[in-house]
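Report on the structure given below.
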Amino acid sequence: MPSPPSLDDLRRWDLEHVWHPFTQMAEYEPLLIERADGCTLIDSHGREYLDGVSSLWCNVHGHHHPKIDAAIRRQLDEVAHVTLLGMAHPTTVKLARRLVEIAPAGLNHVFFSDDGATAVEVALKMAFQYWRQIKVQQPQRTKYLAWENAYHGDTLGSVSVGGVARFHEMFRPLLFDVVRLPAPDMYRLPPGVARLASCDYYLGQLEAAFKEHATELAAVVIEPLLQAAAGIIVHPPGFLRGVRDLTRQHGVLLIADEVAVGMGRTGKMFACQQEGVVPDFLCLAKGLTGGYLPLAATLATDDVFRAFLGRHEESKTFFHGHTYGGNPLGAGAALATFDVFEEEKTLEHLPPKIARLADHLERIAAHPNVGDVRQCGLIAGIELVRDLPTKEPFPWAEKRGIRVCQHALTEGVWLRPLGNVIVIMPPLAISLEQLDRICSAVERGIAAAVE
């Protein structure tokens, strides 16, 4: 038998063979995580790091949670995978029912896929096809409306409705046109627009866009309450409610992308619930399985679902699917994730953690190079600027955000920035003491990165 590879072998193979996402491989330094427990990651040398970004915003109840582990093992004893093309599995069916029960009322139909981008792709295609199959067809509705700096995934449809230039501009020739509005940003407001008036201002832009484009729009695509990959851009209070009201008024479908902000991150199970909004489509992924396995879901209303019903020869079927959509292992992990929410009263225990994070952000905001701190539930963004009065950003090439995170790593805290924005998005299971450690490491990292 060949001897197992050494740590040096693994590091070398990582550099030679693994092409890491969103990573400049010419600068990459291997960091191999072998184990994890709770909110702690453990590398190949036994060093521990607090998981300050939930392993890319997906871990909810901590790593190696006994209930989720056990659910996956039980499912393995039954079957690891069956297709949803023409059949189903009891675990997947139970998950669909559970989602319908806890989602905003009226979202009664669940289409399973693999990840956040595919969940959004499903909604985009469903919305497009819907207008061609309703009783009074409206085939001219071929466009979508979205916001600048939106991020909805990295497949071509989701990139088209996305708007992060650094990620997406390269692929512009491959994308379809979108009606694009300025991001509802309360930090960098247009001249003459007060913060308290920002909601009305941005809703006014949306209403003007509807007056020009409503009859050609298939759907509006929004990240409810905040745009995560844009730099944790928190929307004005009431904006989401206003968007829903305007879409109803103008007869446009609403796609809510809760891939990053759902599953308790904002303090409620789904961000839409914060403003009493029921979208036509609700897209979920990331934390759906507690951060264990790839699984996504697109929930749709009865009205949407009925448009796809008909005789075989009418071809009203939604001809879209993913091999592992509704995978029973992922569905088992998701059911266990919701069980943990109930048994550990996860949402009920969030307010003290949200308040503790707010206290830290208030202190960090006093640093002369912190332009803005933004928080929504247990999600926070700290934006570094070169000049406070003018809000001039540090040049991207200076890697100020990366330098903050590199310092935090020396203190045993794993973070990943968005340019000059330091993101804090720990598992919901984080303790107050662990939250203190994360924020203190960020604060010292900022001092080290800008001095």
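The values are calculated or read from the model by the stated rules, or taken from the named source; none is laboratory data. Everything quoted here is computed from the prediction, not taken from an experiment. For neighbour counting, all protein chains shown are included, and Cβ atoms are generated from backbone atoms with ideal geometry for every residue, glycine included. In case anyone asks, the SASA skips ligands and DNA or RNA and just uses the protein heavy atoms, side chains included. Shrake-Rupley method; radii C 1.70, N 1.55, O 1.52, S 1.80 Å.
Only one entry in GLY310, GLY326, GLY330 is buried (at least 18 other Cβ atoms within 10 Å of the Cβ) and either acidic (Asp, Glu) or part of a loop (DSSP other than H, G, I, E, B) (or both), namely GLY326.
Of all residues in the range 422-451, those satisfying the criterion of being at pLDDT 95 or above, farther than 23 Å from GLY291 by Cα and β-branched (Val, Ile, Thr) are VAL442, ILE446. Here VAL93 passes the criteria (1) at positive phi; (2) in a helix (DSSP H, G or I) except the one numbered (1). Just one of the listed residues (PHE338, PHE305) is part of a helix (DSSP H, G or I), open to solvent by 10 Å² or more (accessible area, probe 1.4 Å), over 30 Å from ARG403 (Cβ atoms) and not polar (S, T, N, Q), namely PHE305. Does VAL259 fit the bill of being under 20 Å from the mean Cα position of the chain (by Cα), modelled with pLDDT of 95 or more, part of a loop (DSSP other than H, G, I, E, B) and surrounded by fewer than 19 Cβ atoms within 10 Å (Cβ to Cβ)? Answer is no for this residue. If only residues of the range 13-65 that are part of a helix (DSSP H, G or I) and in contact (Cβ under 8 Å) with a residue 40 or more places away in the chain are counted, the one that is least open to solvent (accessible area, probe 1.4 Å) is SER54. Of the residues examined, ALA127 is not one that is part of a loop (DSSP other than H, G, I, E, B) and among the hydrophobic types (A, V, I, L, M, F, W, C).
Give me the residue from the range 384-403 that is farther than 13 Å from ALA449 by Cβ and in contact (Cβ under 8 Å) with a residue 12 or more places away in the chain and, out of that set, surrounded by the most Cβ atoms within 10 Å (Cβ to Cβ). In this case the residue turns out to be PRO393. Residues in the range 366-376 that are free of Cβ contacts under 8 Å to residues at least 60 places away in the same chain and either open to solvent by less than 40 Å² (accessible area, probe 1.4 Å) or over 14 Å from MET186 (Cβ atoms) (or both): ALA366, PRO368.
In the set GLU348, GLU343, only one residue is in contact (Cβ under 8 Å) with a residue 60 or more places away in the chain and among the acidic types (Asp, Glu); that residue is GLU343. Among the residues of the range 1-12, which ones are surrounded by 12 or more Cβ atoms within 10 Å (Cβ to Cβ) and not basic (Lys, Arg)? Listed by number, the residues that qualify are LEU7, LEU10.
Scanning the range 360-399 for residues that are touching a Cys at 6+ places or on another chain (Cβ under 9 Å) and among the charged types (D, E, K, R) gives a single hit, ARG363. Could you list, in sequence order, the residues of the range 197-253 that are part of a loop (DSSP other than H, G, I, E, B) and among the β-branched types (Val, Ile, Thr)? Answer for the range 197-253, where residues must be part of a loop (DSSP other than H, G, I, E, B) and among the β-branched types (Val, Ile, Thr): ILE232, VAL252. Exactly one residue out of ALA271, ALA230 is under 17 Å from CYS376 (Cα atoms) and either open to solvent by 10 Å² or more (accessible area, probe 1.4 Å) or of a type in the set (Asp, Glu) (or both), and it is ALA230. In the range 274-299, the qualifying residues are those that are open to solvent by less than 10 Å² (accessible area, probe 1.4 Å) and over 14 Å from the mean Cα position of the chain (by Cα), and the one that is farthest from SER198 (Cα to Cα) is LEU299.
Could you check, for the range 121-141, whether at least one of its residues is open to solvent by less than 20 Å² (accessible area, probe 1.4 Å), small (Gly, Ala, Ser) and closer than 17 Å to ALA260 by Cα? Yes, because at least one residue in the range 121-141 is open to solvent by less than 20 Å² (accessible area, probe 1.4 Å), small (Gly, Ala, Ser) and closer than 17 Å to ALA260 by Cα.
Could you check the range 412-438 and list, in sequence order, the residues that are open to solvent by 60 Å² or more (accessible area, probe 1.4 Å) and without any contact (Cβ under 8 Å) to a residue 60 or more places away in the chain? Hit for the range 412-438 is GLU433, nothing else.
Would you confirm whether any residue within the range 164-184 is open to solvent by 40 Å² or more (accessible area, probe 1.4 Å), assigned to a loop (DSSP other than H, G, I, E, B), in contact with a helix residue (DSSP H, G or I) (Cβ under 9 Å, 6 or more places away or on another chain) and at pLDDT 95 or above? Within the range 164-184, one or more residues are open to solvent by 40 Å² or more (accessible area, probe 1.4 Å), assigned to a loop (DSSP other than H, G, I, E, B), in contact with a helix residue (DSSP H, G or I) (Cβ under 9 Å, 6 or more places away or on another chain) and at pLDDT 95 or above. Residue check: GLY267 meets all listed conditions (1) out of contact with any Gly (no Cβ under 6 Å at 6 or more places or on another chain); (2) assigned to a loop (DSSP other than H, G, I, E, B); (3) more than 30 Å from VAL179 (Cα to Cα) but one, namely (1).
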